[in-house]
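Student: My questions will all concern the structure given below.
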Amino acid sequence: KQLLGCLLIVGGGFWLSVNKKALNIFKPRPAFWYMLTSSALYALVGIFFRFVVKTKDFWTTLSYEYIGVGIGSILLLLLTSQRKQFFSHLKQYVPILGLITINNIIAVAAQTSESYAISLVPVALVSIVSGTQPLFTLAIGLALSLWLPHLIKEDISRATFTHKLTAIIIMIAGLYFVYS
(Lines give C-alpha, C1' and ligand atoms only; values in the text may rest on other atoms or scores of the structure.)
Protein backbone atom coordinates (compact mmCIF):
# COMPACT_ATOMS: atom_id res chain seq x y z
CA LYS A 1 0.00 0.00 0.00
CA GLN A 2 2.84 2.39 0.85
CA LEU A 3 4.69 1.53 -2.35
CA LEU A 4 1.54 2.26 -4.35
CA GLY A 5 1.23 5.55 -2.49
CA CYS A 6 4.83 6.50 -3.29
CA LEU A 7 4.29 5.64 -6.95
CA LEU A 8 1.14 7.78 -7.04
CA ILE A 9 2.95 10.72 -5.43
CA VAL A 10 5.90 10.55 -7.83
CA GLY A 11 3.57 9.85 -10.77
CA GLY A 12 1.37 12.81 -9.86
CA GLY A 13 4.44 15.02 -9.54
CA PHE A 14 5.64 13.78 -12.91
CA TRP A 15 2.20 14.44 -14.44
CA LEU A 16 2.14 17.93 -12.89
CA SER A 17 5.53 18.74 -14.41
CA VAL A 18 4.70 17.46 -17.90
CA ASN A 19 4.93 20.22 -20.46
CA LYS A 20 1.39 20.75 -21.73
CA LYS A 21 2.59 21.24 -25.32
CA ALA A 22 4.60 18.01 -25.21
CA LEU A 23 1.84 16.12 -23.41
CA ASN A 24 1.56 13.43 -26.09
CA ILE A 25 5.34 12.85 -25.86
CA PHE A 26 5.02 12.56 -22.05
CA LYS A 27 8.33 14.29 -21.50
CA PRO A 28 8.73 16.11 -18.19
CA ARG A 29 10.05 19.63 -18.02
CA PRO A 30 13.63 20.02 -16.79
CA ALA A 31 12.14 21.42 -13.57
CA PHE A 32 10.93 17.90 -12.70
CA TRP A 33 14.49 16.73 -12.08
CA TYR A 34 15.23 19.79 -9.94
CA MET A 35 12.05 19.12 -7.95
CA LEU A 36 13.12 15.52 -7.39
CA THR A 37 16.59 16.65 -6.29
CA SER A 38 15.04 19.25 -4.00
CA SER A 39 12.76 16.66 -2.42
CA ALA A 40 15.68 14.34 -1.72
CA LEU A 41 17.74 17.17 -0.20
CA TYR A 42 14.82 18.39 1.93
CA ALA A 43 14.40 14.83 3.18
CA LEU A 44 18.02 14.93 4.35
CA VAL A 45 17.47 18.33 5.99
CA GLY A 46 14.47 16.97 7.89
CA ILE A 47 16.34 13.86 9.03
CA PHE A 48 19.37 15.87 10.18
CA PHE A 49 17.11 18.37 11.96
CA ARG A 50 15.26 15.56 13.75
CA PHE A 51 18.59 14.00 14.80
CA VAL A 52 19.88 17.28 16.26
CA VAL A 53 16.59 18.32 17.88
CA LYS A 54 16.62 15.04 19.86
CA THR A 55 19.88 16.12 21.53
CA LYS A 56 19.25 19.87 21.79
CA ASP A 57 16.10 21.92 22.32
CA PHE A 58 14.03 23.17 19.38
CA TRP A 59 15.11 26.83 19.42
CA THR A 60 18.81 25.98 19.66
CA THR A 61 18.50 23.57 16.76
CA LEU A 62 16.54 26.10 14.72
CA SER A 63 19.23 28.69 15.45
CA TYR A 64 21.89 26.28 14.17
CA GLU A 65 19.88 25.80 11.00
CA TYR A 66 19.59 29.52 10.29
CA ILE A 67 23.23 30.15 11.18
CA GLY A 68 24.08 27.49 8.58
CA VAL A 69 21.91 29.30 6.02
CA GLY A 70 23.69 32.56 6.83
CA ILE A 71 27.13 30.97 6.47
CA GLY A 72 26.10 29.42 3.17
CA SER A 73 24.91 32.81 1.91
CA ILE A 74 28.16 34.48 2.93
CA LEU A 75 30.16 31.74 1.20
CA LEU A 76 28.19 32.35 -2.00
CA LEU A 77 28.98 36.06 -1.80
CA LEU A 78 32.69 35.25 -1.54
CA LEU A 79 32.55 34.03 -5.14
CA THR A 80 33.32 37.09 -7.25
CA SER A 81 30.88 36.22 -10.03
CA GLN A 82 28.02 35.60 -7.59
CA ARG A 83 28.77 38.77 -5.62
CA LYS A 84 28.74 40.95 -8.76
CA GLN A 85 25.54 39.31 -9.96
CA PHE A 86 23.91 39.74 -6.53
CA PHE A 87 24.67 43.45 -6.28
CA SER A 88 23.62 44.14 -9.88
CA HIS A 89 20.30 42.37 -9.28
CA LEU A 90 19.83 44.09 -5.93
CA LYS A 91 19.45 47.46 -7.67
CA GLN A 92 16.69 46.04 -9.86
CA TYR A 93 14.75 44.66 -6.89
CA VAL A 94 14.67 47.82 -4.74
CA PRO A 95 11.12 48.71 -5.93
CA ILE A 96 9.76 45.36 -4.72
CA LEU A 97 11.93 45.00 -1.62
CA GLY A 98 8.82 45.11 0.62
CA LEU A 99 7.25 42.18 -1.23
CA ILE A 100 10.52 40.23 -1.04
CA THR A 101 10.70 40.93 2.70
CA ILE A 102 7.12 39.71 3.23
CA ASN A 103 7.92 36.61 1.17
CA ASN A 104 10.95 35.84 3.34
CA ILE A 105 9.00 36.37 6.55
CA ILE A 106 6.40 33.88 5.30
CA ALA A 107 9.19 31.46 4.30
CA VAL A 108 10.78 31.66 7.76
CA ALA A 109 7.37 31.10 9.40
CA ALA A 110 6.73 28.09 7.14
CA GLN A 111 10.17 26.61 7.77
CA THR A 112 9.87 27.17 11.53
CA SER A 113 6.43 25.54 11.56
CA GLU A 114 7.72 22.56 9.60
CA SER A 115 10.79 22.26 11.83
CA TYR A 116 8.65 22.36 14.96
CA ALA A 117 6.40 19.64 13.53
CA ILE A 118 9.52 17.56 12.82
CA SER A 119 10.56 17.96 16.44
CA LEU A 120 7.22 16.47 17.54
CA VAL A 121 6.50 13.64 15.07
CA PRO A 122 8.44 11.48 12.59
CA VAL A 123 9.94 13.27 9.57
CA ALA A 124 8.03 10.99 7.20
CA LEU A 125 4.69 12.12 8.64
CA VAL A 126 5.61 15.79 8.24
CA SER A 127 6.74 15.12 4.68
CA ILE A 128 3.50 13.36 3.86
CA VAL A 129 1.33 16.19 5.16
CA SER A 130 3.59 18.69 3.35
CA GLY A 131 2.60 16.84 0.19
CA THR A 132 -0.67 18.78 0.22
CA GLN A 133 1.26 21.94 -0.68
CA PRO A 134 0.43 21.73 -4.42
CA LEU A 135 -3.27 21.99 -3.59
CA PHE A 136 -2.67 25.22 -1.67
CA THR A 137 -0.42 26.49 -4.46
CA LEU A 138 -3.11 25.81 -7.06
CA ALA A 139 -5.82 27.49 -4.99
CA ILE A 140 -3.70 30.57 -4.21
CA GLY A 141 -2.47 30.80 -7.82
CA LEU A 142 -6.06 30.62 -9.08
CA ALA A 143 -7.26 33.25 -6.61
CA LEU A 144 -4.41 35.63 -7.44
CA SER A 145 -4.91 35.13 -11.17
CA LEU A 146 -8.61 35.97 -10.84
CA TRP A 147 -8.46 38.84 -8.36
CA LEU A 148 -4.93 40.26 -8.73
CA PRO A 149 -3.83 39.43 -12.27
CA HIS A 150 -1.32 42.31 -12.25
CA LEU A 151 0.66 40.36 -9.61
CA ILE A 152 0.40 36.82 -10.92
CA LYS A 153 -1.22 35.63 -14.11
CA GLU A 154 -1.30 31.84 -14.29
CA ASP A 155 -2.82 29.93 -17.16
CA ILE A 156 -6.24 29.20 -15.67
CA SER A 157 -7.83 27.74 -18.75
CA ARG A 158 -10.10 24.78 -18.12
CA ALA A 159 -7.65 22.30 -19.71
CA THR A 160 -4.66 23.51 -17.68
CA PHE A 161 -6.61 23.72 -14.43
CA THR A 162 -8.02 20.21 -14.96
CA HIS A 163 -4.53 18.89 -15.75
CA LYS A 164 -3.07 20.39 -12.55
CA LEU A 165 -6.01 19.37 -10.36
CA THR A 166 -5.90 15.78 -11.65
CA ALA A 167 -2.17 15.53 -10.90
CA ILE A 168 -2.70 16.96 -7.41
CA ILE A 169 -5.56 14.56 -6.67
CA ILE A 170 -3.31 11.66 -7.74
CA MET A 171 -0.61 12.92 -5.37
CA ILE A 172 -3.05 13.32 -2.47
CA ALA A 173 -4.38 9.80 -3.13
CA GLY A 174 -0.77 8.65 -2.88
CA LEU A 175 -0.42 10.48 0.43
CA TYR A 176 -3.52 8.68 1.66
CA PHE A 177 -2.07 5.27 0.78
CA VAL A 178 1.29 6.06 2.38
CA TYR A 179 -0.29 7.48 5.52
CA SER A 180 -3.14 5.01 6.08
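The values are calculated or read from the model by the stated rules, or taken from the named source; none is laboratory data. Since we're looking at a predicted model, the values are computed, not measured. Cβ: placed from backbone, ideal geometry, glycine included. Neighbour counts: every protein chain shown. Please note that ligands, DNA and RNA were not included when accessible areas were found on the heavy atoms of the full protein model with its side chains. Shrake-Rupley method; radii C 1.70, N 1.55, O 1.52, S 1.80 Å.
Student: Taking the stated definitions as given, is S63 free of Cβ contacts under 8 Å to residues at least 40 places away in the same chain, out of contact with any strand residue (DSSP E or B) (no Cβ under 8 Å at 6 or more places or on another chain), small (G, A, S) and surrounded by 12 or more Cβ atoms within 10 Å (Cβ to Cβ)? I'd like the intermediate steps shown before the answer.
Tutor: Working: free of Cβ contacts under 8 Å to residues at least 40 places away in the same chain: yes; out of contact with any strand residue (DSSP E or B) (no Cβ under 8 Å at 6 or more places or on another chain): yes; small (G, A, S): yes; surrounded by 12 or more Cβ atoms within 10 Å (Cβ to Cβ): yes.
Answer is yes for this residue.
Student: Could you name every one of the helices (runs of 4 or more DSSP H) located completely within segment 82-179 that has at least 2 residues being out of contact with any Pro (no Cβ under 9 Å at 6 or more places or on another chain) and either over 20 Å from A40 (Cα atoms) or open to solvent by 90 Å² or more (accessible area, probe 1.4 Å) (or both)?
Tutor: Details: elements: 97-120, 123-130, 133-147, 158-179.
Output list reads 97-120, 133-147, 158-179.
Student: Tell me, yes or no, whether segment 19-30 has at least one residue that is part of a helix (DSSP H, G or I), surrounded by 14 or more Cβ atoms within 10 Å (Cβ to Cβ), of a type outside the set (V, I, T) and at pLDDT below 90. Break it down into steps so the answer makes sense when it comes.
Tutor: The first filter runs over segment 19-30 and keeps only residues part of a helix (DSSP H, G or I), leaving 20-22, 30.
If we keep only those that are surrounded by 14 or more Cβ atoms within 10 Å (Cβ to Cβ) too, we end up with none.
No.
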